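Please treat every number below as a calculation from the coordinates, not as lab data. Bear in mind the structure is a predicted one, so any value in this text is a computation, not a measurement. Here the Cβ positions follow ideal geometry from the backbone for every residue, glycine too, while neighbour counts run over all protein chains shown.
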Amino acid sequence: MLIQDTVLINDWHPIARSADIVEGEPVAARLLGEDLVLWRSADGEIHAWRDLCIHRGAKLSLGKATKTTLACPYHGWVYNGEGRCIRFPAHPEQCPPAKAQAKVYQARERYNTIWVSLGEPERDIPVFPEWDDQRFKAVVCGPYKVQAGGPRLIENFLDVAHFPFVHQGSLGDLEHTALSDYQVDVTPDEIVANDICVWQPNPIGVGQGAYMHYIYKVLRPLTAYLAKQDEDNSGLALLFTITPVDIDHSLVWTYEATTTKDESDEEIIKFQEGILFEDIPVVESQRPELLPLDLQAELHLRSDRLSIAYRRWLREKGVTFGTA
Ligand code: FES
Ligand code: CO
């Protein structure tokens, strides 16, 4: 059942890696509780439809794709690339009526990923400027399945106070738990925290522990971004986005762009995976599962300023998915 959150219905969400959707092999996916079939026709185009044949409700993802069509596994109804049924095998002489039509959603490819919107998106897929910047190399990490709601996962990405405890030795250090204040600017389009300073035990290219400065942004209800701010011109940026599969399941995607050339793609993925796998047990343990948007519901510190802004922003936008 489609989860009725108009903000998220009208947004773009990553749904699969581009390379995983190949011609001739329809794949089942799930977004906001809606079962989808994804398939690629011979012209390279991606199709994302409700995974349901309007004849007797069989899953089209179990069917057969040709270069231009998808056929239902049950009685063989044939759908063309626009989702229009063009043939009833039981009555080959009959011209299917216009209402013999699959529910078609918008799909696009960006960052080696297929993105789907279940509605009418006002904004494009979130922008990750470093992806197209020649100085950076970019790697897709994920998707990883997590049994937690999207807003809890985004808030975890925005939270640096947990680094010394959850990511001791990699992102943080128990000798340096104190955080300095930072400012948060909020507009309807994004939240920006311009200078979040974190002690890191072993930042790339520094050779010893150091205070590192980051800019954090929330770009969408389920997409955030960070970039390292430094003078030496070495760059690191992450786009972190969540696929809202259903109310308590998410897919986590991290897109990393870095100017450091001495790490292989596999090393980058292994590092990001290690961080995420440290986060997952904690985030999956959080109760309530739904992120409380009532600020009285949990206690807050000054260092929680960014997550407070995120909760307010979700509330102002009317995001109901994964929130309470
Ligand atoms: Fe799809 Fe009958 S259920 S053709
Ligand atoms: Co973490």
Unmatched cysteines, the chain - criterion: no other Cβ of a Cys under 4.7 angstrom: C85, C95, C141, C197
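Considering Cα pairs under 8 angstrom that are at least six residues apart, work out the relative contact order of the chain and quote it in whole percent. The partial results should precede the final answer.
On the way: 674 pairs, mean separation 55.8, N = 324.
Relative contact order for the chain comes out at 17 percent.
Can you give the helix-only mean residue ellipticity at 222 nm for the chain, where every DSSP H stretch with n ≥ 4 adds -39500 (n - 2.57) and the sum goes over all residues, rounded to the nearest 500 deg cm²/dmol? The partial results should precede the final answer.
On the way: 5 runs with 51 residues, N = 324.
Result for the chain, helices only: -4500 deg cm²/dmol.
At 4 °C and a viscosity of 1.567 mPa s, what translational diffusion coefficient does Stokes-Einstein give for the stretch 129-317, taking Rh as the Kirkwood radius over Cα pairs? Give it in µm²/s as a whole number. Spell out each step's value before the answer.
Numbers: Rh = 17.1 Å.
For the chosen part, D equals 76 µm²/s.
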Added length on full extension, which subtracts the Cα-Cα distance from 0.36 nm per residue, Q134 to H91: 9.9 nm
Among 252-262, 31-41, 119-129, the order from most to least packed when residues are scored by Cβ within 10 Å on average: 31-41, 252-262, 119-129
Residue order, fewest to most beta carbons within 10 Å, for E93, E82: E93, E82
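Run through every distinct alpha carbon pair of the stretch 235-324 and return the Kirkwood hydrodynamic radius in angstroms, one decimal place. If you can, show how the numbers build up before the last one.
Working: mean 1/r = 0.0647 Å⁻¹.
For the stretch 235-324, the Kirkwood estimate is 15.5 Å.
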Hull-based mean projected area of the chain, where the convex hull spans the alpha carbons, in square nanometres: 17.7
Neighbour-count order for I114, I86, fewest beta carbons within 10 angstrom listed first: I86, I114
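Sorting K64, K99 on the 10 Å Cβ count, fewest up front, what's the list?
With the fewest neighbours first, K64, K99 line up as K99, K64.
Considering every pair of different Cα atoms, what Kirkwood radius, in Å, is found for the stretch 197-271?
Numbers: mean 1/r = 0.0715 Å⁻¹.
Result for the stretch 197-271, one decimal place: 14.0 Å.
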Cα centroid separation, the stretch 25-50 to the stretch 55-132 (Å): 6
Label zone at A98, where the point sits 7 Å out along the Cα-to-Cβ direction: the stretch 51-89 residues whose backbone N lies under 14 Å: 84-85
The stretch 115-256 - percent relative contact order, Cα under 8 Å, separation 6 or more: 26
Column: log10 I(q)/I(0), Debye, Cα scatterers of the stretch 66-129, q = 0.27 Å⁻¹: -1.16
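Using the structure shown, list the pairs from K67/K99; K64/K99; K59/K99; K59/K137 with a Cα-Cα distance above 30 Å, or answer none.
On the way: K67/K99 23 Å; K64/K99 21 Å; K59/K99 18 Å; K59/K137 39 Å.
Violating the 30 Å Cα-Cα cut-off are K59/K137.
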